[in-house]
Amino acid sequence: SIASADMDLNQLEAFLTAQTKKQGGITPDQAAVIAKFWKNHRTQIHESLISQSRWDNVLKNMNWRVDLKAQLRHIDQINTPVAIVEMELGKNGQ
């Protein structure tokens, strides 16, 4: 929860306080350790989560076309344009 919300110090303190008050939650000592760890490693954790969750932003190929329907059951659908897009995504270096 802390990492996915990328909590600042105020949010972290409120969150950990709530966790210590919750039945079956964490102890104040555990909250202090978590807070210290988050303060020291917040940037690295956030960057790691972002790199794991985003697509490799490489578009290898793209094809597109616009088709017009020339014959249909219902006359009001004739000449209705339809766009077809095909994108091929890939990883960097592959």
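The values are calculated or read from the model by the stated rules, or taken from the named source; none is laboratory data. All of these numbers come straight from a predicted model, not from anything done at the bench. Positions of Cβ are backbone-derived with ideal geometry, glycine not excepted, and every protein chain shown enters the neighbour counts. Remember, those area values only see protein heavy atoms, side chains included, never the ligands or the DNA or RNA. Shrake-Rupley method; radii C 1.70, N 1.55, O 1.52, S 1.80 Å.
Give the long-range amide H neighbours of residue 26: residues separated by 5 or more places, or on another chain, with amide H under 5 Å away, using H modelled in the peptide plane at 1.01 Å from N.
HN-HN under 5 Å from residue 26: 20.
For labels at residue 4 and residue 89 in the simple 7 Å Cα→Cβ model, what's the distance in nm?
That separation, rounded to one decimal, is 2.0 nm.
Trypsin sites (Lys or Arg not before Pro), restricted to the range 1-49: which are DSSP loop and have at most 15 other Cβ atoms within 10 Å?
22
Please report, in debye to the nearest 20, how large the charge dipole of the chain is about its Cα centre when each Lys and Arg carries +1 at its beta carbon and each Asp and Glu carries -1 there.
120
Can you work out D for the range 5-65 in µm² s⁻¹ from Stokes-Einstein, where Rh is the Kirkwood radius over C-alpha pairs, the temperature is 4 °C and the viscosity is 1.567 mPa s?
Rounded, D is 91 µm²/s.
Show me, for the range 22-28, the HN-Hα J-couplings you get by feeding each phi into the Karplus relation (A = 6.51, B = -1.76, C = 1.60, θ = phi - 60°), rounded to Hz, glycine and proline as x.
Taking θ as phi minus 60°, the curve returns 6, 5, x, x, 9, 8, x Hz for the range 22-28.
For the chain, which whole percent of the accessible surface, found with a 1.4 angstrom probe, sits on carbon and sulfur atoms?
Exposed carbon and sulfur together represent 52 percent of the surface.
Could you check the spin-label model distance between residue 40 and residue 53? Points 7 Å from the Cα along Cα→Cβ, value in nm.
About 2.5 nm, to one decimal.
Would you list which lysines come within 30 Å of residue 36, measuring only between C-alpha atoms, while excluding same-chain residues fewer than 8 positions from it?
Here the lysines satisfying the reach criterion relative to residue 36 are 21, 22.
May I ask which residue of 17, 40, 90 lies farthest towards the positive end of the charge dipole of the chain, with charges of +1 (Lys, Arg) and -1 (Asp, Glu) on Cβ and the Cα centre as origin?
Of 17, 40, 90, it is 17.
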